[in-house]
Amino acid sequence: MNNEPDRRTLVYKSESVFSKAFVEALRNKHVVVTRIETGSTSQGVPDLYIQGYGGDLWIELKNKKSKVDRRFFKIDWRPGQQAWHSVYYKEHWYKKMVFTIMADLSGFEMVPMSRIYVDNLVASENVEHFDMLGELTDRVVSILKGQSGGC
């Protein structure tokens, strides 16, 4: 199955479709992926917890972003999401990162959740851009490997 979206149409019809493609691509790289469904019991918990190659990450998925201008875009984080990400990062001595990954017609953006983004506005220079899903999953694997100390 081809995980790459058709560039002539909406990249993914929903976050669920994006999630399935991303999870499948990660599992093909021998990464353990757990989809988190908390409902209203725990506000702000990211969508995915992934483990592999000696490391682990939390990832929040978004299927779109709103471009504000050339320098900024707005992410539709729900109440509590940025706070959860920030607390997790601080509680792990600034070593364990949470990422928000967005998909849209221009490809994929990965936002490190190492700070609170005021008004949900993210500067373009604060993200990594990937054209293809394979490039994104390769980057996630490299982050996991980096956490293991190169083992």
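The values are calculated or read from the model by the stated rules, or taken from the named source; none is laboratory data. All values derive from a computational prediction rather than experimental measurement. No Cβ is skipped: glycine too gets one built from the backbone with ideal geometry, and neighbour counts run over all protein chains shown. We work out accessible area using only protein heavy atoms, side chains counted, and drop any ligands, DNA or RNA first. Shrake-Rupley method; radii C 1.70, N 1.55, O 1.52, S 1.80 Å.
Quick notes on this structure:
- Qualifying residue in the stretch 103-110 (condition: outside any helix (DSSP H, G or I), at pLDDT 90 or above, open to solvent by less than 10 Å² (accessible area, probe 1.4 Å) and more than 19 Å from K13 (Cα to Cα)): yes
- Looking only at residues of the stretch 1-32 that are of a type in the set (K, R) and exposed (fewer than 14 other Cβ atoms within 10 Å of the Cβ), we find that the one that is modelled with the highest pLDDT is K13.
- Residues (in a helix (DSSP H, G or I) and either within 12 Å of the chain's Cα centre (by Cα) or in contact (Cβ under 8 Å) with a residue 60 or more places away in the chain (or both)) located in the stretch 111-134: L133, G134
- Test for T137: is it hydroxyl-bearing (S, T, Y), assigned to a helix (DSSP H, G or I) and within 12 Å of the chain's Cα centre (by Cα): yes
- Of the residues examined, G80 is not one that is of a type in the set (G, A, S) and crowded, with 17+ Cβ neighbours inside 10 Å.
- If you go through the stretch 41-57 and keep only what is more than 16 Å from the chain's Cα centre (by Cα), at positive phi and either surrounded by fewer than 16 Cβ atoms within 10 Å (Cβ to Cβ) or modelled with pLDDT under 90 (or both), you end up with just G54.
- Of all residues in the stretch 12-25, those that are in a loop (DSSP other than H, G, I, E, B) have Cβ atoms under 6 Å from Cβ atoms of residues that are of a type in the set (A, V, I, L, M, F, W, C) and open to solvent by less than 40 Å² (accessible area, probe 1.4 Å), 6 or more apart or on another chain, in Y12/F18; Y12/A103.
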